[in-house]
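For reference, the structure discussed in these notes is given below.
The values are calculated or read from the model by the stated rules, or taken from the named source; none is laboratory data. Predicted model, so just to flag it, every value in this text is computed and none were measured. Cβ sites come from the backbone with ideal geometry, for glycine too, and all protein chains shown count toward neighbours. Heads up: the accessible areas ignore ligands, DNA and RNA and are worked out on the full protein's heavy atoms, side chains in. Shrake-Rupley method; radii C 1.70, N 1.55, O 1.52, S 1.80 Å.
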Amino acid sequence: AAKQNGGNRYKLYDAKIEFETAERVVLENYLRKAIKQDEFFLQYQPKVDLKTKQITGVEALLRWEHPKLGTVSPNKFIPVAEEIGLIGTIGEWVLRSACVQNKVWQEEGLPPLRVAVNLSLYQFREDNLVQKIKDILMETGLDPTYLELEITESMSMYNEDYVVEKLSELRRIGIHISVDDFGTGYSSLNYLNKLPIDTLKIDRSFMKEDNKTTIKSIIGLAHNLNLKVIAEGVETSEQVDFLQQNGCDEAQGYFFDKPLSTIRLTKKLRELCGV
Ligand code: C2E
Ligand code: MG
Ligand code: MG
Ligand code: MG
């Protein structure tokens with residue numbers, strides 16, 4: 001039966017490929033115009049200290065609202081932006097916007113927060129990443145200690161010396177570096193020890209699967225390496241209890257807050273400090 005349907009199946013398959021290609025071209029073209037047409041914005045998700053329950057920082061998450069496509073997930077458009085060479089421009093927009101906003105909060109007199117920005121490995125391939133970041137800090141007047149960069153754990157990252165060099169330089173000026181989605185890649189422990197980083201972010205999948213052994217191991221590993229550790233994707237009070245009992249430093253997730261618009265987060269910060 002499989003053989004008999006083979007012909008049809010191929011036709012269906014071809015049609016699907018063609019559709020996907022067309023869709024992809026459309027997506028690429030829309031993406032190229034997105035900055036100019038002001039379709040990007042950031043949401044901010046709080047990071048909470050598990051001892052004091054205070055917000056220590058926020059992660060900036062990129063959002064794309066297209067008039068025809070609607071909301072497109074970063075998981076879908078970031079890889080496309082990387083492939084077509086747009087991630088540098090988009091990444092710079094994110095960095096600048098996040099630094100500007102953080103400075104606005106500080107000037108309003110709100111307790112200082114660290115703003116975390118996700119960086120793509122592709123951004124490290126460009127020669128001037130470090131200078132660009134320094135320029136943005138200069139322009140916005142944000143103290144580097146209030147900027148954090150999240151990079152994902154990936155094999156290639158650890159094998160490329162220039163990434164380590166750039167990270168060291170960024171860290172030397174006071175920027176914090178965290179490793180996102182930790183535990184899903186294959187970094188060797190020896191290498192991790194040499195990386196110029198401050199924090200490990202336990203990948204959300206371990207929370208979801210309730211993988212207590214792995215979570216405890218990562219907390220122990222981080223502390224042995226003198227790193228801070230934060231859990232992402234925390235959705236329940238049971239998870240919070242478990243993390244607290246096991247010495248996890250911080251947490252982030254829907255239990256505390258979903259990613260919030262600038263307006264909503266500003267309101268929340270004002271309420272918290274009574275401004
Ligand atoms: P990420 O950096 O690991 O961000 C965490 C993702 O988990 C976010 O998805 C966030 O909305 C979601 N999340 C947070 N708490 C919970 C929770 O309790 N439960 C569940 N189910 N999900 C939670 P989002 O915003 O869709 O972003 C997806 C990924 O896209 C990010 O993963 C990051 O890798 C990438 N991304 C987002 N913004 C940027 C950016 O400006 N630049 C780059 N290069 N990548 C970005
Ligand atoms: Mg992240
Ligand atoms: Mg993550
Ligand atoms: Mg992720």
Exercise for the section: Please state which one of 93, 64 is in a helix (DSSP H, G or I), over 14 Å from residue 116 (Cβ atoms) and either aromatic (Phe, Trp, Tyr) or open to solvent by less than 50 Å² (accessible area, probe 1.4 Å) (or both). Expected result: 93
Problem - All positions within segment 240-257 that are touching a strand residue (DSSP E or B) at 6+ places or on another chain (Cβ under 7 Å) and not polar (S, T, N, Q) - result: 240, 243, 248, 249, 250, 251, 256, 257
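Can you give me the number of residues within segment 130-144 that are touching a residue at least 24 places away in the same chain (Cβ under 8 Å), open to solvent by 10 Å² or more (accessible area, probe 1.4 Å) and not β-branched (Val, Ile, Thr)?
Here the count works out to 7.
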Exercise for the section: Select from segment 249-264 the residues that are within 15 Å of ligand 3 (Cβ to nearest atom) and open to solvent by less than 20 Å² (accessible area, probe 1.4 Å) and list them in ascending order. Expected result: 250, 251, 252, 253
Fill in the blank from the handout: residue 160: passes all of (1) within 14 Å of ligand 1 (Cβ to nearest atom); (2) surrounded by 15 or more Cβ atoms within 10 Å (Cβ to Cβ) but (1)
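Results for (1) small (Gly, Ala, Ser); (2) open to solvent by 20 Å² or more (accessible area, probe 1.4 Å), shown as yes or no for each residue.
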site	(1), (2)
167	no, no
173	no, yes
178	yes, no
196	no, no
Exercise for the section: Have a look at 110, 142 and point out the one that is within 20 Å of the chain's Cα centre (by Cα), among the aliphatic types (A, V, I, L, M) and at pLDDT 95 or above. Expected result: 142
Practice task
Sort out which residues of segment 104-121 are part of a helix (DSSP H, G or I), farther than 25 Å from residue 200 by Cα and open to solvent by less than 50 Å² (accessible area, probe 1.4 Å), and write them in order of number.
Solution key: 105, 106
Completion exercise
Those residues of segment 165-217 that are assigned to a helix (DSSP H, G or I) and either within 16 Å of ligand 1 (Cβ to nearest atom) or more than 30 Å from residue 241 (Cα to Cα) (or both) come to a total of 17
Fill in the blank from the handout: Counting only residues in segment 147-157 that are aliphatic (A, V, I, L, M) and assigned to a helix (DSSP H, G or I), the one nearest to ligand 1 (Cβ to nearest atom) is identified as 157
Practice task
Report, ordered by the first and then the second residue, all pairs with beta carbons closer than 8 Å, sequence separation of six or more or different chains, a first member in segment 216-239 that is open to solvent by 30 Å² or more (accessible area, probe 1.4 Å) and within 16 Å of ligand 3 (Cβ to nearest atom), and a second member that is of a type in the set (Val, Ile, Thr) and modelled with pLDDT of 95 or more.
Solution key: 228/199
